[in-house]
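Please read the structure below before turning to the comments.
The values are calculated or read from the model by the stated rules, or taken from the named source; none is laboratory data. Every value quoted in this text rests on a predicted model; they were computed, and no experiment measured them. Here the Cβ positions follow ideal geometry from the backbone for every residue, glycine too, while neighbour counts run over all protein chains shown. Note: areas computed on protein heavy atoms with side chains; ligands, DNA, RNA excluded. Shrake-Rupley method; radii C 1.70, N 1.55, O 1.52, S 1.80 Å.
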Amino acid sequence: MEYNVIHNEEANRFEIEIENLLSVVDYTRKGETLIVTHTGVPQALEGRGIAAAITKALLQYIRVNGLKVRPVCPYTATYIARHPEYSDLVV
């Protein structure tokens, strides 16, 4: 399923709003590295691939902008391990 992922730079997160519920991937930026700290999907929306869609959008943004990622969030670390095409982005 396609989701409309928004990069909310003011809040340092990528997000999707569905059914008035907000799913997010939070990060902090240190130089050219985005440190991913949290992935959150409300329980009512779990199992729809939302976390994967947001994480993929985040990693594509990182690649296009020549940045790196430090996956502190366990979900992001697991996603990258399952999608080795993003492993070159990890610091």
Check: Counting only heavy atoms of protein chains, what accessible area per residue, in Å², does segment 1-84 have with a probe of 1.4 Å?
Finding: 59 Å²
Margin query: Going by Cα centres, segment 57-91 and segment 2-52 are how many Å apart?
Written below: 14 Å
Next item on the list: Calculate, for residue 20 and residue 61, the FRET efficiency according to 1/(1 + (r/R0)^6) with r their C-beta to C-beta distance and R0 22 Å; round to the nearest 0.05.
Entry: 0.30
Next item on the list: Would you mind getting the Kirkwood hydrodynamic radius of the chain from its Cα pairs, rounded to one decimal in Å?
Entry: 13.1 Å
Next item on the list: Could you check which residue among 24, 36, 72 shows the biggest mean-square fluctuation in a GNM of the chain with a 10 Å Cα cutoff?
Entry: 72
